[in-house]
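Notes follow once the structure below has been shown.
Bear in mind these aren't lab numbers, they're just calculated from the coordinates by the rules spelled out. Model, not experiment: these values are computed from the prediction. Cβ: placed from backbone, ideal geometry, glycine included. Neighbour counts: every protein chain shown.
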Amino acid sequence: MPIPQAKAVLTDIGTEELAHMEIVAALVYNLLKDAKLEDIKRVGLDGYYADHDRALYFVNADGVPWTASYIQSKGDPVTDLHEDMAAEQKARSTYEWLINLADDPDVIDVLRFLREREVVHFQRFGETLRLVHEFLDARKYY
Ligand SMILES: [Fe+2]
């Protein structure tokens, strides 16, 4: 990123996203830790149980493991900030679909919090994109 403000935003949001992974992991752990086998089978997690018991293993809704290829980076600040903004919107809508699927009020509260943070991240990336455009469009004097 060409300006310090953009570097700071990326550091702040990246740090917060790692905390979100921890929140989601704690949520799943607490949902699974005392789950009975018949409940695990009833909700379709028997395949997950066969491979991981109740351990945390990062997969998507279809059971596909998380991979670093999900992280996008082109090296162009404008392109990368647009990619970041798109990722925030995808996270927001995923949390909304999860809220639609959830029936536990405590789970829904956590998902709502995480959804709100993705909205804030989208806004902060948008502000950063504007600053980067201003920097790139400014005449340079040496
Ligand atoms: Fe985010």
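Before moving on, here are some points about what is shown:
- When I23, I40, I13 are checked against the criterion of being more than 16 Å from R124 (Cα to Cα) and touching a residue at least 60 places away in the same chain (Cβ under 8 Å), I23 stands alone in meeting it.
- Taken over segment 25-60, residues that are within 17 Å of A87 (Cα to Cα) and either within 16 Å of the ligand (Cβ to nearest atom) or of a type in the set (G, A, S) (or both) amount to 0.
- Filter result (in contact with a helix residue (DSSP H, G or I) (Cβ under 7 Å, 6 or more places away or on another chain) and either within 16 Å of the ligand (Cβ to nearest atom) or closer than 20 Å to Y29 by Cβ (or both)) within segment 118-142: E118, V119, H121, F122, R124, F125, G126, T128, L129
- Test: residue in segment 63-77 that is under 17 Å from the mean Cα position of the chain (by Cα), surrounded by 14 or more Cβ atoms within 10 Å (Cβ to Cβ), more than 23 Å from V28 (Cβ to Cβ) and within 16 Å of the ligand (Cβ to nearest atom): no
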